Amino acid sequence: MQKFRFLIVMLLVVLYGTSARAQSVLVFGGAGQLGAEVVRELTAHHFSVTVLVRPSSNRARLAGLPVSFVIGDVLREGDVERVLRSGTFKVVVDALGRSGANVDFYATAGRSIAYWSKVTGVQHIILHGSVGVGESRVAYPVSNYAVYKTLLQAKEAAEQALRQSGVPFTIIRNAVLHELNPGQMDLAHRVSDPSAWGVVSRRGLARLTRECINNSACQNKTFTAIDHGMR
Ligand SMILES: NC(=O)c1ccc[n+]([C@@H]2O[C@H](COP(=O)([O-])OP(=O)(O)OC[C@H]3O[C@@H](n4cnc5c(N)ncnc54)[C@H](OP(=O)(O)O)[C@@H]3O)[C@@H](O)[C@H]2O)c1
């Protein structure tokens with residue numbers, strides 16, 4: 001009987017450990033405007049969140065939130081490898097912005113994140129992308145396309161690296177980001193139509209990110225996020 005109790009306790013310990021690890025999320029760009037909204041949403045829903053920051057990154061948006069930090073520069077592949085090897089991350093969120101770097105930033109960072117996530121056993125990558133990439137080019141205003149072509153191509157390279165990595169993925173593209181007005185409801189939702197174009201908030205994107213974790217409806221899917229309450 002005592003042996004049986006011991007086995008039950010051990011099983012519970014293992015299950016608890018597995019579920020705690022299962023909720024571990026690494027957020028690239030987590031101190032940025034979009035990333036911080038994602039981190040806020042995930043911590044509010046009890047995910048264990050680690051944020052990659054550079055030594056110079058301003059962490060003010062994350063003040064008071066229960067997060068762990070790892071230091072690295074996504075443009076250094078060795079940093080991406082080290083950070084992904086530093087924990088057992090079930091989910092990776094890429095909410096990076098290039099902070100003035102060349103547009104190739106998105107391709108370089110996206111490739112490293114996809115590759116090292118695969119190597120280290122990440123089970124899901126959620127990439128925040130842009131409308132105008134790939135088949136969603138049809139939605140992009142023709143007059144602006146030439147201006148943003150190289151940026152969109154770099155973001156497309158990141159999407160392709162992710163799709164080819166073998167890691168289950170979700171791409172959530174946005175067209176225009178605005179903030180919700182005080183008191184305005186977040187009505188963001190995912191649409192699969194690549195010709196969709198509209199406004200969405202970072203708050204809404206953060207919720208959609210969280211809702212895609214452990215959600216088979218998001219597996220290996222590319223969405224556009226739109227809030228029909230916003231203009
Ligand atoms: N469609 C639209 O209207 C619209 C508007 C704005 C943004 N966006 C898109 O939304 C996404 C997120 O933008 P955001 O406004 O949240 O950007 P953001 O506030 O500038 O945040 C970008 C984050 O990425 C980090 N980062 C930059 N370079 C890094 C590096 N080499 N290594 C590690 N971290 C690095 C930044 O850290 P540091 O503080 O260290 O630089 C920061 O935390 C981007 O893809 C952007 O293109 C779309």
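The values are calculated or read from the model by the stated rules, or taken from the named source; none is laboratory data. Model, not experiment: these values are computed from the prediction. As a convention, Cβ positions derive from the backbone with ideal geometry for all residues, glycine included, and neighbour counts pool all protein chains shown.
Can you tell me which residue among V53, V92, V103 is over 19 Å from F169 (Cα atoms), within 16 Å of the chain's Cα centre (by Cα) and not charged (D, E, K, R)? Give the steps one after another, and end with the answer.
Working: V92 fails: over 19 Å from F169 (Cα atoms); V103 fails: within 16 Å of the chain's Cα centre (by Cα).
Among V53, V92, V103, only V53 is over 19 Å from F169 (Cα atoms), within 16 Å of the chain's Cα centre (by Cα) and not charged (D, E, K, R).
State which residue is farthest from the ligand (Cβ to nearest atom) when the search covers only the stretch 86-115 and only residues that are of a type outside the set (G, A, S) and under 15 Å from G30 (Cβ atoms). In this case the residue turns out to be V91. Does V83 satisfy the condition of being more than 8 Å from the ligand (Cβ to nearest atom) and crowded, with 17+ Cβ neighbours inside 10 Å? When the stated conditions are applied, V83 passes them. Filtered by the rule that a residue be in contact with an Asp or Glu (Cβ under 9 Å, 6 or more places away or on another chain) and either part of a helix (DSSP H, G or I) or away from the ligand (no atom under 11 Å from the Cβ) (or both), the stretch 121-132 gives I125, I126. Residue-level check: of (1) in contact (Cβ under 8 Å) with a residue 60 or more places away in the chain; (2) surrounded by 15 or more Cβ atoms within 10 Å (Cβ to Cβ), G97 misses just (2). For the stretch 65-83, check the following and say yes or no: at least one residue is closer than 26 Å to I226 by Cβ and in contact with a Gly (Cβ under 8 Å, 6 or more places away or on another chain). Within the stretch 65-83, none of the residues are closer than 26 Å to I226 by Cβ and in contact with a Gly (Cβ under 8 Å, 6 or more places away or on another chain).
Where strands (runs of 3 or more DSSP E) sit wholly within the stretch 43-120, those with at least 3 residues that are modelled with pLDDT of 95 or more and closer than 26 Å to L151 by Cα occupy 48-53, 91-94. Once the stretch 49-72 is narrowed to residues that are more than 23 Å from A109 (Cα to Cα) and away from the ligand (no atom under 13 Å from the Cβ), the residue that is surrounded by the most Cβ atoms within 10 Å (Cβ to Cβ) is L65.
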